Amino acid sequence: MLKIKGGNLLKGVIEVKGSKNASLALIVASLLNKGEVKLYNVPDILDVRRLLNILKHLNVNVNFKDNILILDSSKIEYKSLLIDEVKKIRASSYLMGAFLSLFNKVEIFNPGGCNFSNRPIDFHLNGFKEFGAIIQENENLIINLDNIKSGYYKIPKISVGTTINLLLFGALKDNLLIIDNVALEPEVEEVIDFLSLMGVEIIKIKERTLLIKGNKSLNKNVEYHVKNDRIEAASLALLGASIGDNLEIKGFNIYDNLYLLNIFLKLNVPFKLGGNSLTISKCVDFDGIELETNPYPLLPTDIQPLLSVFLSLGKSSSIIKENIYPKRNNYIKELNKLNYNLNVNNNLIIINNSNNLKGSHLVGEDLRGTFALLMGSLISDNTSYLKGKEYIERGYEDIFNRLRKIGANIEEISSY
Ligand code: EPU
């Protein structure tokens, strides 16, 4: 549990770590290569550790130290994926694509993930089916691929996970797969770059249409540098816009966060850009704004909870329409215990000015929602207790220490 004494301004320098969602996908993509893979800038977070445990179970040689991950999958073995670790991370769904590519079969639980909503995988499965897979779906999934077919699949709604899974699915087959309506999130671009480096042919026919022609023998040694985490960068920037005093965020992904920077410009948030850094201070007296979350390059759903906390500091009300996960609002009842004033109306989050913030006992239920509760507590001048720090640890490396270094008063305690 965390004990948070809020009210301190955050100043000094903090560096952004490597991308969680890119790393998880790239680690699974590495299974397809018989050569050695060396990934730099991999964050040391719970979700990565869990995925590496699954890899060890599959007889992959794993060496992870100082954010450098070396993987040797030359002796990978087919095993059932009905193991506990698989349930705990959403990214384990990528193992379906990778296994069908490698072994033409997979047996897995319906994959897990964050708790804020029902997270279907019907698009992934329909894509596999379109290209020849046969699926038995009960409590578990058993998928077989006796004859892969070349073909075309249009993802019904832009989906990061489906795009990546179908890329993995096609990577080792010399058929032609066309996938339409793909996601353009930077982590998808990273998977495309990485697979191409390994020797898979991936052509962008149109902005959202990919042609994949796999390669049966991926066996080069490859090295790849994972980009910094754009959502961590945005989370730190929003902390800075709320309680920063010339807080310098090094390794800030400027290009990947242009939408957020434009919001800061509109609201007159004081910030300065360096080559790859952002220096930001708290913003006072801004007017409310209306926003909506959408696939990249628009406003990411993953920062919606943090943005809501920041917008609570405005003079007038703001509204965020949540288009990706309409029920991503379970943090709000907890946040309001601190005297924040947020309401939910279907997928609209109405954010009114927060007054007389106080401390409270809070319980987090998912990664970004729990980070929003931490942020809300750091803004209030009082002491709060927050359960669920392990959710934050799923996605932000050594974050409590790093925040302490820039002035946050956060203690990790066993109980109160
Ligand atoms: N969807 C379906 N069926 C599917 C797949 C998706 O209906 O088979 C819907 C979803 O319900 C959602 C939309 O399509 O409404 C988009 O979901 P997407 O597939 O893009 O999400 P994801 O791949 O499961 C990744 C990130 C999430 C992030 C979303 C959206 C990983 C491991 N997870 O999830 O990250 O919110 O994309 O950008 O990459 C986080 O980091 O906190 C996190 C939850």
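The values are calculated or read from the model by the stated rules, or taken from the named source; none is laboratory data. From a predicted model like this one, the values you see are computed outputs, not experimental measurements. Every residue, glycine as well, gets a Cβ built from its backbone with ideal geometry; the counts of neighbours run over all protein chains shown. Surface areas here come from the heavy atoms of the whole protein model, side chains and all, with no ligands, DNA or RNA. Shrake-Rupley method; radii C 1.70, N 1.55, O 1.52, S 1.80 Å.
Restricting to segment 216-252, give me the number of residues that are surrounded by fewer than 20 Cβ atoms within 10 Å (Cβ to Cβ) and over 30 Å from S277 (Cα atoms).
5
Among the residues of segment 51-91, count how many are open to solvent by 80 Å² or more (accessible area, probe 1.4 Å) and either within 16 Å of the ligand (Cβ to nearest atom) or part of a helix (DSSP H, G or I) (or both).
Summing the residues that are open to solvent by 80 Å² or more (accessible area, probe 1.4 Å) and either within 16 Å of the ligand (Cβ to nearest atom) or part of a helix (DSSP H, G or I) (or both) in segment 51-91 gives 4.
Is at least one residue of segment 38-49 in contact with a Leu (Cβ under 9 Å, 6 or more places away or on another chain), under 20 Å from F252 (Cβ atoms) and either within 16 Å of the ligand (Cβ to nearest atom) or not acidic (D, E) (or both)?
So the first thing to find is which residues in segment 38-49 are in contact with a Leu (Cβ under 9 Å, 6 or more places away or on another chain), and the list is 38-40, 42, 47-48.
Checking which are under 20 Å from F252 (Cβ atoms) leaves us with 40, 42.
Applying the additional criterion that residues be either within 16 Å of the ligand (Cβ to nearest atom) or not acidic (D, E) (or both) yields 40, 42.
Scanning segment 38-49, I find at least one residue that is in contact with a Leu (Cβ under 9 Å, 6 or more places away or on another chain), under 20 Å from F252 (Cβ atoms) and either within 16 Å of the ligand (Cβ to nearest atom) or not acidic (D, E) (or both), so the answer is yes.
Applying the selection to segment 127-159, what residues are out of contact with any Pro (no Cβ under 8 Å at 6 or more places or on another chain), within 16 Å of the ligand (Cβ to nearest atom) and open to solvent by 40 Å² or more (accessible area, probe 1.4 Å)? Walk me through how you get there before you give the answer.
So the first thing to find is which residues in segment 127-159 are out of contact with any Pro (no Cβ under 8 Å at 6 or more places or on another chain), and the list is 127-157, 159.
Now narrow it down to the ones that are within 16 Å of the ligand (Cβ to nearest atom): 127-131, 133, 135, 137, 141, 143, 153-157, 159.
Result: K129, E130, E137, K154, P156, K157.
Residues in segment 176-208 that are open to solvent by 10 Å² or more (accessible area, probe 1.4 Å), in contact with a Lys or Arg (Cβ under 7 Å, 6 or more places away or on another chain) and away from the ligand (no atom under 16 Å from the Cβ): how many?
The total comes to 3.
Step by step: first the residues of segment 365-387, then only those that are open to solvent by 10 Å² or more (accessible area, probe 1.4 Å) and more than 14 Å from L238 (Cα to Cα), then the one that is nearest to the ligand (Cβ to nearest atom). Which residue is that?
E365
Cβ-Cβ below 6 Å, separation at least six or inter-chain, first residue in segment 54-81 and more than 13 Å from D44 (Cα to Cα), second of a type in the set (K, R) and not in a loop (DSSP other than H, G, I, E, B): which pairs?
So the pair list comes out as V62/K56; I70/K38.
Could you tell me which residue of segment 29-50 is nearest to F103 (Cα to Cα), considering only residues that are hydrophobic (A, V, I, L, M, F, W, C) and assigned to a helix (DSSP H, G or I)? Before you say what the answer is, go through the steps one by one.
In the first step, residues of segment 29-50 are kept if they are hydrophobic (A, V, I, L, M, F, W, C); the result is 29, 31-32, 37, 39, 42, 45-46, 48.
If we keep only those that are assigned to a helix (DSSP H, G or I) too, we end up with 29, 46, 48.
On the way: A29: 14, L46: 28, V48: 23 Å.
Out of the qualifying residues, it is A29.
Residues that are open to solvent by 20 Å² or more (accessible area, probe 1.4 Å), out of contact with any helix residue (DSSP H, G or I) (no Cβ under 6 Å at 6 or more places or on another chain) and closer than 16 Å to A233 by Cα: find the helices (runs of 4 or more DSSP H) completely inside segment 253-337 holding 3 or more of those. Can you show your working first?
Values: elements: 258-266, 304-311, 332-335.
Once the helices (runs of 4 or more DSSP H) in segment 253-337 are filtered for at least 3 residues that are open to solvent by 20 Å² or more (accessible area, probe 1.4 Å), out of contact with any helix residue (DSSP H, G or I) (no Cβ under 6 Å at 6 or more places or on another chain) and closer than 16 Å to A233 by Cα, what remains is 258-266.
Considering segment 160-172 alone, what residues qualify as being of a type in the set (A, V, I, L, M, F, W, C) and either open to solvent by less than 10 Å² (accessible area, probe 1.4 Å) or out of contact with any helix residue (DSSP H, G or I) (no Cβ under 7 Å at 6 or more places or on another chain) (or both)?
I164, L166, L167, L168, F169, A171
Looking at this structure, is K282 in contact (Cβ under 8 Å) with a residue 24 or more places away in the chain and under 24 Å from the mean Cα position of the chain (by Cα)? If you could, list the steps in order and put the result at the bottom.
Details: in contact (Cβ under 8 Å) with a residue 24 or more places away in the chain: yes; under 24 Å from the mean Cα position of the chain (by Cα): no.
It is false that K282 is in contact (Cβ under 8 Å) with a residue 24 or more places away in the chain and under 24 Å from the mean Cα position of the chain (by Cα).
If a residue must be more than 13 Å from the ligand (Cβ to nearest atom) and closer than 16 Å to I68 by Cβ, how many such residues does segment 16-37 contain?
Selection size over segment 16-37: 5.
Taking segment 385-407, which residues are outside any helix (DSSP H, G or I) and among the aromatic types (F, W, Y)?
Scanning segment 385-407 gives Y385, Y396.
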